[in-house]
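Reviewing the structure listed below.
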Amino acid sequence: MKKNPIFLLLLQIIILSSLIPITKCDDNDDDEDLITKICKETPFESLCLSTLQPISNLPNTDTKVLANFMATTVLKNATDTLNYIEGLIKETPDPQQERALAVCAELYIPVVKYELPQAIEALSRGQFGFAKYNIADVGKQADTCEKGFSGSSAKSPLTDRNKLVRNLSDIVVAIINVLAKG
Ligand SMILES: *[C@@H]1O[C@H](CO)[C@@H](O)[C@H](O)[C@H]1NC(C)=O
Ligand SMILES: *[C@@H]1O[C@H](CO)[C@@H](O)[C@H](O)[C@H]1NC(C)=O
């Protein structure tokens, strides 16, 4: 059988290329910012990016550090909101509004005192299920607070704050999901 040199060359190329492992453009992945990568996995990418911006130049950041910083931001926001609510309760002349605000204070107090600190603690211990359960509940409490104003004549003075707490909580839950996947 006469061998066609071009055929042999082609055969060599085919064999060689099948031996070369397929290298996608993975080289860049290590450099791709972890924050960018993680925030893409969350429901509010730009809020995630802006919240994590202050720690974007921190060395040795890992997903756990990001989750912790995000959860701490929720705690700060919830604490700030609770203080704001307590200030409004003292000022409002509207009894219906005052009642809705008092309900919100009762919702936010355990969030600030127990749920979030316990979730942050659980995160550091790697107890992701417990942390996630608590943080998801924080988002629900913010929603419940907001709904308390729906029957009242005055508009909710907490809409933006409640939404922010809700959205930040959703981001933490999404980051914990990434952590839990390993
Ligand atoms: C609440 O969250 C926002 C968004 O990340 C952040 O910019 C702000 O500093 C937080 N508020 C407090 C009191 O930490
Ligand atoms: C929170 O998310 C909702 C959409 O679910 C959006 O309409 C709202 O603007 C967001 N608010 C904040 C403060 O991030």
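The values are calculated or read from the model by the stated rules, or taken from the named source; none is laboratory data. This structure is a prediction, so every number in the text was calculated from the model and none was measured. All Cβ positions, even for glycine, are placed from backbone atoms using ideal geometry, and neighbour counts span all protein chains on display.
For segment 145-177, a tally of residues being over 20 Å from ASP94 (Cα atoms) and of a type outside the set (D, E, K, R) returns 13.
For (1) under 22 Å from GLN118 (Cβ atoms); (2) more than 8 Å from ligand 1 (Cβ to nearest atom); (3) charged (D, E, K, R), each residue gets a yes or a no:
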position	(1), (2), (3)
SER46	no, yes, no
LEU52	no, yes, no
ASN57	no, yes, no
ALA67	yes, yes, no
ALA71	yes, yes, no
LYS76	yes, no, yes
THR81	yes, yes, no
ILE85	yes, yes, no
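Here ILE15 fulfils each of the conditions (1) modelled with pLDDT under 95; (2) part of a loop (DSSP other than H, G, I, E, B) apart from (2). Of all residues in segment 117-133, one or more are within 16 Å of ligand 1 (Cβ to nearest atom) and not aliphatic (A, V, I, L, M).
Quick check on ILE176: is it of a type in the set (Val, Ile, Thr) and more than 30 Å from THR63 (Cα to Cα)? Here the answer is no, as ILE176 does not meet what is asked.
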